[in-house]
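The values are calculated or read from the model by the stated rules, or taken from the named source; none is laboratory data. Since we're looking at a predicted model, the values are computed, not measured. Positions of Cβ are backbone-derived with ideal geometry, glycine not excepted, and every protein chain shown enters the neighbour counts. Note: areas computed on protein heavy atoms with side chains; ligands, DNA, RNA excluded. Shrake-Rupley method; radii C 1.70, N 1.55, O 1.52, S 1.80 Å.
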Amino acid sequence: MRAWLTSPLGAYLLRWEQSYVDSAVADVFGFHAVQLGLPELDALRANRMPHRWRTDSTQPLSVDEPPSSVLNAVSLTCDFDALPFDSQSLDLVVLPHALELARDPHLTLREVERVLRPEGRVVIIGFNTASLWGVRQRGSNVRRYLGLGPAESRFLPHGGELIAYRRLRDWLRLLSFEVETGRFGCYRPPITSEKWLSRFEWMEPAGDRWWPVLGAVYALTAVKRVRGMRLVGLTRARHRKAGASQAVVTNQQPHRVVLPGQLRKSNQDE
């Protein structure tokens, strides 16, 4: 991986990823941030958290690095699917191609969900399967399986398989992550010549406008959402007491009883 990143194509990839991750983590606040894998990319240099860790799954990071990258940063060596952090203790986790290099990418993503605080953020960078780079990688795999090429004849230097962008979004949704932003980049064709790479520079603005989902790499930022709970007590229904029914009064004047003698006397007077 490190030898490939020193090639013109790898340097072109690192420039784009560094530019993206600098803008993605600049305004993420908190106290603890971790970068998993790819030490050639200084993913936390633009972040201002006081405690930052950079981990590698194979060997410790070298101390002979620029002062900006080792300032307030601690180097660790650990497995990505068994992070040495407490649950809900981190505010930011950056995974530059870490899922592609992990032994179990889904378990690694679950481990990231465990160590992140509620409303914590994860930044993921990976190779796009629906790009010219992905097509060339699949062609190299087919030739290798058919015995038409050596065992190490892969275009992209990693041991795992590419993870599709839609598949990754489904994984994040199952783990209660909400994708906040997503972007594709590196639209130049997969050629190793620096001269021809510079000639295809015009494809960068054209790709952002006309075929954005065909970039060689994708990068997204997701937020860990935790559903809130609200305790609701027992609601007591207030029963209204039915009052006594009132009689309907049609005539409020008292009734006068007339006797037969009085009625005869009244007729004689008339």
Which residue pairs have Cβ atoms under 6 Å apart, sit 6 or more places apart or on different chains, and have a first residue in the range 187-211 that is closer than 20 Å to N128 by Cβ and a second that is among the hydrophobic types (A, V, I, L, M, F, W, C)? Y187/M203; R188/L197; R188/F200; R188/M203; P189/L132; P190/L132; P190/W133; T192/L9
Are any residues in the range 175-186 open to solvent by 50 Å² or more (accessible area, probe 1.4 Å) and touching a residue at least 60 places away in the same chain (Cβ under 8 Å), and if so, which ones? S176, T181, R183
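Taking D42, is it more than 21 Å from G207 (Cα to Cα) and buried (at least 20 other Cβ atoms within 10 Å of the Cβ)?
yes
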Conditions: (1) at pLDDT 85 or above; (2) open to solvent by 60 Å² or more (accessible area, probe 1.4 Å); (3) polar (S, T, N, Q). N72 meets all but one. Number of the miss? (1)
More than 30 Å from W211 (Cα to Cα), at pLDDT 90 or above and out of contact with any strand residue (DSSP E or B) (no Cβ under 8 Å at 6 or more places or on another chain): which single residue out of E119, E111 fits that description? E111
Lone qualifier among L92, L101 - being at pLDDT 95 or above and under 23 Å from the mean Cα position of the chain (by Cα): L92
Given (1) closer than 18 Å to V217 by Cβ; (2) modelled with pLDDT under 60, number of the condition Y145 does not satisfy: (1)
Can you run down the residue pairs with Cβ atoms below 7 Å, 6 or more apart or on separate chains, where the first is in the range 104-130 and at positive phi and the partner is among the basic types (K, R)? E119/K224
Going through (1) closer than 15 Å to F127 by Cα; (2) open to solvent by 10 Å² or more (accessible area, probe 1.4 Å); (3) out of contact with any Gly (no Cβ under 8 Å at 6 or more places or on another chain) one by one, R52 fails only at (1)
Mind listing whichever residues of the range 203-222 are outside any helix (DSSP H, G or I) and either among the polar types (S, T, N, Q) or buried (at least 17 other Cβ atoms within 10 Å of the Cβ) (or both)? G215, A216, V217, Y218, A219, L220, T221, A222
For the range 9-32: of the residues being among the small types (G, A, S) and under 18 Å from W196 (Cβ atoms), which is least open to solvent (accessible area, probe 1.4 Å)? G10
